[in-house]
Structures are given as structure tokens and as C-alpha cells.
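Visitor: Sending over a structure as C-alpha cells; questions will come in a sec.
The values are calculated or read from the model by the stated rules, or taken from the named source; none is laboratory data. Remember, it's a predicted structure, so these values are computed and weren't measured experimentally. Cβ coordinates were reconstructed from backbone atoms using ideal geometry, including for glycine residues, and neighbour counts include every protein chain displayed. To get the accessible areas, we keep the full protein, side chains included, count just its heavy atoms, and leave off ligands, DNA and RNA. Shrake-Rupley method; radii C 1.70, N 1.55, O 1.52, S 1.80 Å.
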Amino acid sequence: MKVYFGTTPMTTPLFFERLETRAPAALIRALDSTPTIGIHAVRGTQLFLLFNVLSFDHAFDGMLGLEKTLLDDMGLLFGINPRTIVAASTTKEIFDTPLSFKDVVIRNRDVRAIFDPSGTIIFLYSFLDPQTLVITTNEDTLKTLIGKAGHGELREITNN
């Protein structure tokens, strides 16, 4: 299924542009031209993004570079307002307590995740394999996608 912005088919560069992300150009070039947007129905609906990766090294470096602004850039798309997550009583405390990515392992995959103050993952991304990048907000969604990647089902989703 193709997604459109008005009458223009969505492409990876257009997707990042319309979200006004600060994604490095090398990251955008390292990703295939058409992203996949999906919804996983678990405890409500969980949005996920899948990108076919053309250059793992550039995509990996680009995602690390984008981490400083990724939640601000894409959080609202996923229903996350980063300003409401930090447990702080003053504006200064909010800005002095930035949310940052941490390394975790989920089902033997390296994952970069942001946690809320209670320790729950609220945003994550991972390379399921050198050709597939996923961005989502839910650990169960990631686990489901890992299972589908292991059975070759994601190739069917992202190639349609």
C-alpha cells in the first residue's frame, strides 16, 4: 500500500523532510527510497517504521548522530511528547534532564532505547539485520518484528 502526502507518493527523503527531522543526509541516502509504516495491535495500537537499509555503516552512524533529536523530531508521530515524560518540577529541570538512548538487548538484538522515569521503554530503534531498521515505541512490537524477520516475513512486507 502506498502512502501519499497530498498527491505525492511518500519517499524516505520526503518523510524525513515533512517531519522536519534533523536527520543527516548520509542517513537518508543509506535508507531505501520507500519506508514502511505499520501498526501492531498489542495493548492498543503501536506504530512502527521499517526502512530497508542500503548501507549499514552509514545508516548506523546516521542513527547514532540523530539520537540527540530523534525523540523531539519523531516523538509526536508516535504520540510521545518528550516534555511530559521527564519527572521535573521546573522548566529548568526539564531542560537539564534530557532523555537519552541506552543500549539494551532484546531477543539477542542490540537495541537503542529511551526509558521513562519508571524504567519502561518508551521509544526504541534497532537494526533487525544489516538490511532492516525498525523504529517503534513498544518492546512487544519489536519482539514480534524480530520473529517475523527470522521467518523472512518482513521481506514480504517491505517489498510490497
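Visitor: As an exercise: evaluate Leu77 against (1) open to solvent by 30 Å² or more (accessible area, probe 1.4 Å); (2) out of contact with any helix residue (DSSP H, G or I) (no Cβ under 6 Å at 6 or more places or on another chain); (3) at pLDDT 95 or above and give the number of the one condition it does not meet.
Guide: Failing condition for Leu77: (3).
Visitor: If you take the residues in the range 47-56 that are under 23 Å from Phe5 (Cβ atoms) and open to solvent by 30 Å² or more (accessible area, probe 1.4 Å), which one is modelled with the highest pLDDT?
Guide: Among those residues, the one meeting the criterion is Leu54.
Visitor: Going by what's in this entry, would Ala59 be described as under 24 Å from Lys143 (Cα atoms) and crowded, with 18+ Cβ neighbours inside 10 Å?
Guide: Yes; evaluated as a whole, the condition is true for this residue.
Visitor: Going by the structure shown, is Arg83 in contact with a helix residue (DSSP H, G or I) (Cβ under 7 Å, 6 or more places away or on another chain) and open to solvent by 20 Å² or more (accessible area, probe 1.4 Å)?
Guide: yes
Visitor: Pairs needed: first member in the range 133-148, charged (D, E, K, R); second member anywhere, at pLDDT 90 or above; C-beta distance under 7 Å; at least 6 residues apart or different chains.
Guide: Glu139/Ile106; Glu139/Ile121; Lys143/Ile106; Lys143/Arg107
Visitor: A further question follows. Mind listing whichever residues of the range 101-126 are under 13 Å from Thr137 (Cβ atoms), surrounded by 12 or more Cβ atoms within 10 Å (Cβ to Cβ) and out of contact with any Lys or Arg (no Cβ under 8 Å at 6 or more places or on another chain)?
Guide: Once the filter is applied, which keeps residues that are under 13 Å from Thr137 (Cβ atoms), surrounded by 12 or more Cβ atoms within 10 Å (Cβ to Cβ) and out of contact with any Lys or Arg (no Cβ under 8 Å at 6 or more places or on another chain), the range 101-126 yields Val111, Asp116, Ile121, Ile122, Phe123.
Visitor: Further, regarding this structure: Working only within the range 110-139, note down all residues that are within 12 Å of Leu49 (Cβ to Cβ) and aromatic (Phe, Trp, Tyr).
Guide: Phe123, Tyr125
Visitor: Here is a follow-up. Taking interchain pairs and intrachain pairs at least six residues apart, which have beta carbon atoms under 7 angstrom, with the first residue in the range 11-40 and touching a residue at least 12 places away in the same chain (Cβ under 8 Å) and closer than 18 Å to Gly75 by Cα and the second outside any helix (DSSP H, G or I) and open to solvent by 70 Å² or more (accessible area, probe 1.4 Å)?
Guide: Thr12/Thr34
Visitor: Here's a follow-up. If I go through the range 18-44 residue by residue, how many of them are open to solvent by less than 70 Å² (accessible area, probe 1.4 Å), within 21 Å of Lys143 (Cβ to Cβ) and part of a strand (DSSP E or B)?
Guide: Within the range 18-44, residues that are open to solvent by less than 70 Å² (accessible area, probe 1.4 Å), within 21 Å of Lys143 (Cβ to Cβ) and part of a strand (DSSP E or B) number 3.
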